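Q: Before I ask anything, let me first share the structure, which is written out below as structure tokens.
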Amino acid sequence: MAGALRYLLTLRRLCPGLGVVPHTRALAAVVPGVTKVDNKSDFLQKRPHRQHPGIRKLPHVRLPQALSNGAQLLLREIAEPNMENQVQALTNYLWSRHLPAEPEELQRRAMHLEKKFLENPDLFQTEVKLREAVLHALRKTTYHWQELSYSEGLSLVYMAARLDGGFAAVSRAFHEIRVRNPAFQPQTLMDFGSGTGSVTWAAHSVWGQTLREYMCVDRSTAMLVLAEKLLKGGSESGEPYIPGVFFRQFLPVSPKVQFDIVVSAFSLSELPSEADRNEVVQTLWRKTHHFLVLVENGTKAGHSLLMDARDLVLNGNEKSPLDPRPGFVFAPCPHELPCPQLTTSKPLACSFSQAYHPIPFSWNKKPKEEKFSMVILARGSPEEANRWPRITQPVLKRPRHVHCHLCCPDGHMQHAVITARRHGRDLYRCARVSSWGDLLPVFTPSAFPPSPAQDPSES
């Protein structure tokens, strides 16, 4: 009895929101309906639990050797003594960036400040002074977003700061597609905001056998030149390591041109307004034949931006006459409903983490983690049968029970406390070996009837 009491007190200290529960079996009721493994078709297929079909975690990602060598060669050539500090400064700046304020939001803030200042009319006797006070307050409280213009020097700093982490994040997104849809063999790819070309290298690592065309779009000439140099091992001459790569500064105009997979990695956040982002997302979706992959920093701003893009595609009334197929969320969401992370009183970023080996610069020796948000949209209809809950936070492993925070197909977040006694040995072991970002192969309650399944690669 004393041991059970200590166990409950420990649990309450770890999860204060749960309170004291009557007995251990009641813990499993946190997730109603999660009672058994989804084993309709022998889901383990004689594999060990640590290899259950919901596993999505990649081991430490490493850059292709040719890309790593080219990046090191380019930095050795410039011999910049202060490169480490520049890399750190740019990394901090990119990570702390917010989205630019919209004109409507600025107007709302200005009206609120004006109303507040008018409560003391003696301080502002003229309209000019009132306007000056409002503008001064706005300048102090508004984030000053600035467009980044990449020169040759800044492009090299960006390469040193973001090439390996960006490669890791995109590799994780591509892994999601490859594992769930191994029959998908793309032939064409378009990368919007291609930068240093990490998307091309990541795609080649996954689908190099079938990809024959890579269209890299970036308005920065310096970035395009740098990406082409990296393809040639860090030099301006020689044969590119990956054939079929084309560079251009603007998106293809023809509405008839589509690509099997379209990617925008860390680029939507560089656009100056919501209207610009919406226009680009709609254009990218029209260019998408199978998958649209969007990746941003794993911050609230990055996640919010991706959810706006997701909703724009899902709710878009505009149907292309060339490709009228609807869109659905392939990953990470197991539903098309509003994101539950944004509907709470304290919105959280839905982000994931991918470990990688950085380019071995003198300041860059230890393995790192790339924190990112992503959404993968596909054409066709969702395959409801395999819509398992997504683990959205690190799994907490405790004696005889496991805590999993799940995004479920019914559009709600669930805090599952899984035990072998309540849920069975298979599910308990699967949960114990699962990680942040994996799928948990369980049934969960759903208010929506299943719809006919259609694989986007077969459309």
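The values are calculated or read from the model by the stated rules, or taken from the named source; none is laboratory data. The model shown is predicted, which means the values in this text are computed figures rather than measured ones. Here the Cβ is made from the backbone with ideal geometry for all residues, glycine too, and neighbour counts use every protein chain on show. SASA here: full protein model, heavy atoms, side chains in, ligands and nucleic acids out. Shrake-Rupley method; radii C 1.70, N 1.55, O 1.52, S 1.80 Å.
Q: Do we have residue 132 as part of a helix (DSSP H, G or I), at pLDDT 85 or above, more than 28 Å from residue 200 (Cβ to Cβ) and open to solvent by 100 Å² or more (accessible area, probe 1.4 Å) here?
A: Answer is no for this residue.
Q: Looking at residue 304, is it part of a loop (DSSP other than H, G, I, E, B) and of a type in the set (S, T, N, Q)?
A: no
Q: Within region 330-342, does at least one residue satisfy the condition of being within 12 Å of the chain's Cα centre (by Cα) and not in a loop (DSSP other than H, G, I, E, B)?
A: Yes; the residues of region 330-342 include at least one that is within 12 Å of the chain's Cα centre (by Cα) and not in a loop (DSSP other than H, G, I, E, B).
Q: If you don't mind, another one. Being open to solvent by 60 Å² or more (accessible area, probe 1.4 Å) and farther than 30 Å from residue 162 by Cβ is true for just one of 337, 342, 406, 322. Which residue is that?
A: When all the criteria are applied, what remains is 322.
Q: Considering (1) at pLDDT below 90; (2) touching a strand residue (DSSP E or B) at 6+ places or on another chain (Cβ under 9 Å), say which one residue 327 fails and leave the rest.
A: (1)
Q: Of all residues in region 360-401 being open to solvent by less than 30 Å² (accessible area, probe 1.4 Å) and more than 22 Å from the chain's Cα centre (by Cα), which is farthest from residue 307 (Cα to Cα)?
A: 361
Q: Are any residues in region 225-236 of a type in the set (A, V, I, L, M) and crowded, with 21+ Cβ neighbours inside 10 Å, and if so, which ones?
A: 226, 227, 230, 231, listed by residue number.
Q: Further, regarding this structure: Can you name the residue in region 345-359 that is in a strand (DSSP E or B) and either outside the structural domain of residue 178 (by the TED database) or hydrophobic (A, V, I, L, M, F, W, C) (or both) and is also surrounded by the most Cβ atoms within 10 Å (Cβ to Cβ) among such residues?
A: Only one residue tops the list, namely 352.
Q: Pick from region 237-265 the residues that are farther than 25 Å from residue 375 by Cβ and among the β-branched types (Val, Ile, Thr): which of them is surrounded by the most Cβ atoms within 10 Å (Cβ to Cβ)?
A: Restricting to residues being farther than 25 Å from residue 375 by Cβ and among the β-branched types (Val, Ile, Thr), the top hit is 245.
Q: Could you check residue 210 against (1) within 24 Å of residue 89 (Cβ to Cβ); (2) out of contact with any Lys or Arg (no Cβ under 9 Å at 6 or more places or on another chain); (3) outside any helix (DSSP H, G or I) and say which number it fails?
A: Residue 210 satisfies all of (1) within 24 Å of residue 89 (Cβ to Cβ); (2) out of contact with any Lys or Arg (no Cβ under 9 Å at 6 or more places or on another chain); (3) outside any helix (DSSP H, G or I) except (1).
Q: Which one of these is farther than 12 Å from residue 248 by Cβ, at pLDDT 95 or above and either open to solvent by less than 20 Å² (accessible area, probe 1.4 Å) or in the same structural domain as residue 151 (by the TED database) (or both): 206, 217?
A: Exactly one residue qualifies, and that residue is 206.
Q: Filter region 263-299 down to residues that are part of a strand (DSSP E or B) and among the small types (Gly, Ala, Ser) and give me whichever is farthest from the chain's Cα centre (by Cα).
A: Residue satisfying both the conditions and the ranking: 264.
Q: Which residues, counting only those in region 168-192, are assigned to a strand (DSSP E or B) and either among the basic types (Lys, Arg) or surrounded by 24 or more Cβ atoms within 10 Å (Cβ to Cβ) (or both)?
A: Matches in region 168-192: 189, 190, 191.
Q: I would also like to ask the following. Out of region 77-100, which residues are among the aliphatic types (A, V, I, L, M), within 22 Å of the chain's Cα centre (by Cα) and not in a helix (DSSP H, G or I)?
A: The answer is 99, and nothing else.
Q: In the set 46, 57, which member is part of a loop (DSSP other than H, G, I, E, B), without any contact (Cβ under 8 Å) to a residue 40 or more places away in the chain and charged (D, E, K, R)?
A: 46
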